[in-house]
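The values are calculated or read from the model by the stated rules, or taken from the named source; none is laboratory data. As the structure is a computational prediction, the values presented were derived from the model and not from experiment. Using ideal geometry, Cβ is built from the backbone for each residue, glycine included, and neighbour counts are taken over all protein chains shown.
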Amino acid sequence: MQRNVASQKWRCFAFDISTNAPKTGDAANITAKISKDFGVATATNDVNPTELELGFYEFDLTQAETNADDLLLICDSSTASISVLGCPTRIATTPAGWSDDVIQTGDSFARIGAAGASLTNIGDTRMANLDAAVTTRLAPTVSGRTLDVSTTGEAGVDWANVGSPTTTLNLSGTTVKTATDVETDTADIQGRLPAALVSGRIDASAGAVAAGAITAAAIATDAIDADALAADAVTEIATGMLDLAAGVETGLTLRQAMRLIAAASAGKLSGAATTTITIRNAVADSKDRITATVSADGNRSAIVYDLT
């Protein structure tokens with residue numbers, strides 16, 4: 001069987017294991033799996049084989065099913081007591097185009113004689129163009145050396161294999177095509193740098209700093225003090241803390257909580273003997289900060305706040 005070739009067949013033989021008699025008429029019950037190159041066996045594309053005679057059947061194989069060096073056919077029948085074997089069970093494929101009918105006998109190959117005699121008998125007419133005295137052509141002066149040749153036939157120069165690598169190489173006649181690109185990139189980089197250094201360093205402003213670039217270890221002790229802060233920095237920090245949403249609990253900032261605490265602790269109180277108690281804002285005494293509805297026992301049932 002040839003590898004990766006379509007329209008090939010694989011025969012199998014079915015027999016009754018109780019009588020050893022060939023089993024006929026069982027094609028619909030016979031299935032097979034094929035394993036390629038010792039891989040997992042999978043069901044054949046041809047679900048059921050074609051019956052030949054006397055217990056022999058054959059499967060039609062697809063091209064893909066033969067694309068392996070080693071093939072194993074595993075057959076089975078759903079009929080009781082029937083065993084099915086591949087003929088043969090395992091096959092080592094041959095290359096596509098291989099002729100199984102040609103056997104090489106004797107010596108039918110031409111030999112190469114002295115000075116290249118009989119080279120043209122090999123069958124390649126290009127051999128007639130080979131000069132027997134190849135030493136007259138380009139050849140290295142030291143045995144074992146080769147010439148670098150590209151896939152399109154051009155001979156190149158390996159700069160790492162120059163005869164005198166410590167000698168300055170004169171490339172005045174060589175055009176380096178990428179030189180313009182290098183010059184353009186260099187000019188672009190120069191245009192992004194300051195014209196001069198300040199005390200041996202680049203003095204530039206950072207437009208943005210990546211997250212995590214400045215760590216606690218990078219900040220010296222006492223590096224941030226009153227002199228390092230703007231005049232309104234303290235106010236901004238305090239405002240940020242006092243007015244942080246849900247800073248105390250949901251719906252209550254720290255500033256609002258302090259207003260309620262101050263009123264409850266130091267604000268004027270009225271209506272203590274009634275069911276409505278009013279507490280003014282502390283010190284300023286300009287508004288009712290807390291208005292509570294209470295029972296005769298002083299239990300609060302409703303509270304109105306003015307947090308402004």
Can you spot a residue in region 277-294 that is among the acidic types (Asp, Glu), in contact with a strand residue (DSSP E or B) (Cβ under 6 Å, 6 or more places away or on another chain) and assigned to a loop (DSSP other than H, G, I, E, B)? no
Among the residues of region 20-41 satisfying the criterion of being small (Gly, Ala, Ser) and out of contact with any strand residue (DSSP E or B) (no Cβ under 9 Å at 6 or more places or on another chain), which is farthest from TYR57 (Cα to Cα)? GLY39
Run VAL283 past the list (1) of a type in the set (A, V, I, L, M); (2) touching a residue at least 12 places away in the same chain (Cβ under 8 Å); (3) surrounded by 13 or more Cβ atoms within 10 Å (Cβ to Cβ) and report the number of the one that doesn't hold. (3)
Positions within region 242-260 being loosely packed, with under 12 Cβ neighbours inside 10 Å and not in a loop (DSSP other than H, G, I, E, B), in sequence order: GLU249
Give the residue that is nearest to the chain's Cα centre (by Cα), with candidates limited to residues of region 220-241 that are of a type in the set (Ser, Thr, Tyr) and either part of a helix (DSSP H, G or I) or within 23 Å of TYR305 (Cα to Cα) (or both). THR239
In region 1-41, how many are in a strand (DSSP E or B) and of a type in the set (A, V, I, L, M)? 4
Looking only at region 68-82, and only at residues there that are in contact (Cβ under 8 Å) with a residue 60 or more places away in the chain and loosely packed, with under 15 Cβ neighbours inside 10 Å, the one that is nearest to ALA27 (Cα to Cα): SER81
If you go through region 115-126 one residue at a time, do you hit one that is under 30 Å from GLY25 (Cβ atoms) and either modelled with pLDDT of 75 or more or of a type outside the set (A, V, I, L, M) (or both)? no
Those residues of region 83-94 which are under 21 Å from ALA21 (Cβ atoms) and surrounded by 18 or more Cβ atoms within 10 Å (Cβ to Cβ) amount to VAL84, GLY86
Members of region 11-65 that are closer than 15 Å to THR89 by Cβ and among the small types (Gly, Ala, Ser): ALA14, ALA32, SER35, ALA41
Just wondering, is there one or more residues in region 193-201 that are under 14 Å from LEU307 (Cα atoms) and among the hydroxyl-bearing types (Ser, Thr, Tyr)? no
